[in-house]
Amino acid sequence: MPLTAEILLEDMNEAERRRAQVVESVLPQVREAAREVDANAQFHMPHVQLFSESGLLGLIIPEVYGGLGGGLRDLAAACFALGSACPSTALAFFFHCSAASRGLLAVEALEEGLFTEAEAPQVAHFAEQVLHSMGRDGKWFANFASESVKSEKAAVTISTTARKVDGGYLLNGVKSFGTGTGIADVYLVTASLEGVETAEGLCTFFVDPNGQGVKPRAPWDAIGMRGTSSGGIVLEDCFVSDANALAIPGAFTRCMQMSRGSFVGNQMAAVCGYAGAGYSAYRHAITNLTEKKFADTGKPIGTAPYQQELIGKMLVDLETSLMWLRRQLQLETSEPPLKPKNEVVKQWRLCKGVVAECGFNIAVNALKASGTSGTMGDPARYLRELTMGVVQAFPAERGRLMAAQMEIEGAEQSLFGVGSK
């Protein structure tokens, strides 16, 4: 029987299909809670145990660390399948998995010799903490990097500071967005070493969600992705021990060099969740248009020219999003690489916007096809969820602008910058 993930990933090998079957096994419970998640703007807490016990929290963690041994293809397929059931849960799961990069890229950087003999033990210790916690221990992670501070020359500006004290560091700052706030077992926090004014000062810290100096920023009550618990945190003299810090100057940027794509190398999986939601919005509309009949003729409502025009538009947008994602996935996973990293990044800048806008368009047309009754049911929910895709991370307009700048000027916008207090 075909798996939901195979709608996106048509050429799975046996190992990928086994991992996708694990994802498929949780979909009924995720789907059952989706309406409640949206209505209450709350993450469904039983999902934490469900995902942990199934092993999915270690989906992309190597087996040697207790994970399932998947990669970006698995993560993309999983986010698509979960997005078809509950987009909020899919996005929360993606951001958990994004924390794995702090371990995976560090291991790759060590293998490439990017750290000195003196630095290597600390880097290896931190990486193993991340990977064992997600794989062997089944811990849910929240990854706090984003802040509301903006700068023209960097995609993400970090103003949260880390000041060295005896035995560790004191963290101070506000993380305006952080999916998993209040639900994760572990917070990974990116901060800048006090006194270092460049991205070389960026460091990563394990933060206890219940520790002193940590509090939630604000309830998350957004238009869409309402059940992701993305309210963010406030850090006020939050102490982190040396053992829970990767605070070697330049370590963060050296690790990021190892990614195949933009940011930490797995960003494209997030938008796969939006594609999954778009697919479900389309299938829901088709079911309604097939089952509902005209009272006078008995024909399905979907046979009318107006509805068929909408169906045609939805089909184009659905297939467009799938083709763009498959191409991006090919560019980021093929061995040997098909294109240099700057070309992969440029393609991603375009891909994210296309997929997000296609999903949103599907939701709009599905609502139109459903009529007034759709405003009170799932079509409205899909529209809310997919609205977030047109702004989350970066809008399509910004992505096209960055791709054009890369094409003409030959340079990508700096990924990280440090903000002044």
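Each row is one residue, and each column tells you yes or no for (1) in contact with a His (Cβ under 9 Å, 6 or more places away or on another chain); (2) modelled with pLDDT under 95; (3) surrounded by 15 or more Cβ atoms within 10 Å (Cβ to Cβ).
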residue	(1), (2), (3)
Gly273	no, no, yes
Tyr279	no, no, yes
Ile286	no, no, yes
Leu289	no, yes, yes
Lys293	no, yes, no
Gly298	no, yes, no
Val316	no, no, no
Glu319	no, no, no
Glu343	no, yes, no
Next on the checklist: Testing Phe360 on (1) crowded, with 19+ Cβ neighbours inside 10 Å; (2) over 20 Å from the mean Cα position of the chain (by Cα), one condition comes back false. Which one is that?
Outcome noted: (2)
Checklist entry - What pairs come up if the first residue lies in the range 392-421 and is under 28 Å from Gly250 (Cβ atoms) and among the charged types (D, E, K, R), the second is open to solvent by less than 60 Å² (accessible area, probe 1.4 Å) and at pLDDT 85 or above, and their beta carbons are under 6 Å apart, counting only those six or more places apart or on different chains? => result Glu412/Val345; Glu412/Met406
Checklist entry - Name the residues in the range 195-219 that are under 17 Å from Phe177 (Cβ atoms), in a loop (DSSP other than H, G, I, E, B) and open to solvent by less than 40 Å² (accessible area, probe 1.4 Å), would you? => result Pro209
Checklist entry - What residue, among those in the range 328-340 that are open to solvent by 80 Å² or more (accessible area, probe 1.4 Å) and either under 18 Å from Asp74 (Cα atoms) or in a helix (DSSP H, G or I) (or both), is modelled with the lowest pLDDT? => result Glu335
Item to check | Filtered residue count, the range 1-20, keeping only those that are in contact with a helix residue (DSSP H, G or I) (Cβ under 9 Å, 6 or more places away or on another chain) and either surrounded by 12 or more Cβ atoms within 10 Å (Cβ to Cβ) or among the basic types (Lys, Arg) (or both) | outcome: 13
Checklist entry - Which residue out of Trp324, Trp348 is open to solvent by 40 Å² or more (accessible area, probe 1.4 Å), under 28 Å from Met258 (Cβ atoms) and of a type in the set (Phe, Trp, Tyr)? => result Trp324
Checklist outcome for this item: Matching residues in the range 221-263 (farther than 30 Å from Leu338 by Cβ, within 17 Å of the chain's Cα centre (by Cα) and crowded, with 23+ Cβ neighbours inside 10 Å) number 7
Item to check | Matching residues, the range 15-34, being closer than 13 Å to Gly70 by Cβ and of a type in the set (Asp, Glu) | outcome: Glu16
Checklist entry - In the range 94-142, how many are open to solvent by 50 Å² or more (accessible area, probe 1.4 Å), of a type in the set (D, E, K, R) and assigned to a helix (DSSP H, G or I)? => result 3
Next on the checklist: Go through the range 300-314 and report how many residues are open to solvent by less than 70 Å² (accessible area, probe 1.4 Å) and of a type outside the set (Gly, Ala, Ser).
Outcome noted: 7
Next on the checklist: Can you say whether Glu24 is open to solvent by 70 Å² or more (accessible area, probe 1.4 Å), under 15 Å from Ala85 (Cβ atoms) and assigned to a helix (DSSP H, G or I), as far as the supplied structure shows?
Outcome noted: no
Item to check | Any chance Thr387 is open to solvent by 70 Å² or more (accessible area, probe 1.4 Å), of a type in the set (Ser, Thr, Tyr) and assigned to a helix (DSSP H, G or I) | outcome: no
Next on the checklist: Cβ-Cβ distance below 6 Å, separation of 6 or more or different chains: which pairs start in the range 248-259 with a residue that is closer than 12 Å to Val123 by Cα and end on one that is assigned to a helix (DSSP H, G or I) and open to solvent by 30 Å² or more (accessible area, probe 1.4 Å)?
Outcome noted: Pro249/Glu200; Gly250/Glu200
Checklist entry - Inside the range 398-412, can you point out the residues that are open to solvent by 40 Å² or more (accessible area, probe 1.4 Å) and under 17 Å from Tyr274 (Cβ atoms)? => result Arg398
Checklist entry - Of all residues in the range 27-59, which are under 20 Å from Ala281 (Cβ atoms) and open to solvent by 20 Å² or more (accessible area, probe 1.4 Å)? => result Pro28, Arg31, Glu32, Arg35, Glu36, Ala39
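The values are calculated or read from the model by the stated rules, or taken from the named source; none is laboratory data. All figures in this text were calculated on a predicted structure; none of them were measured in a lab. Cβ: placed from backbone, ideal geometry, glycine included. Neighbour counts: every protein chain shown. Areas reflect the complete protein model, heavy atoms only, side chains present, ligands, DNA and RNA absent. Shrake-Rupley method; radii C 1.70, N 1.55, O 1.52, S 1.80 Å.
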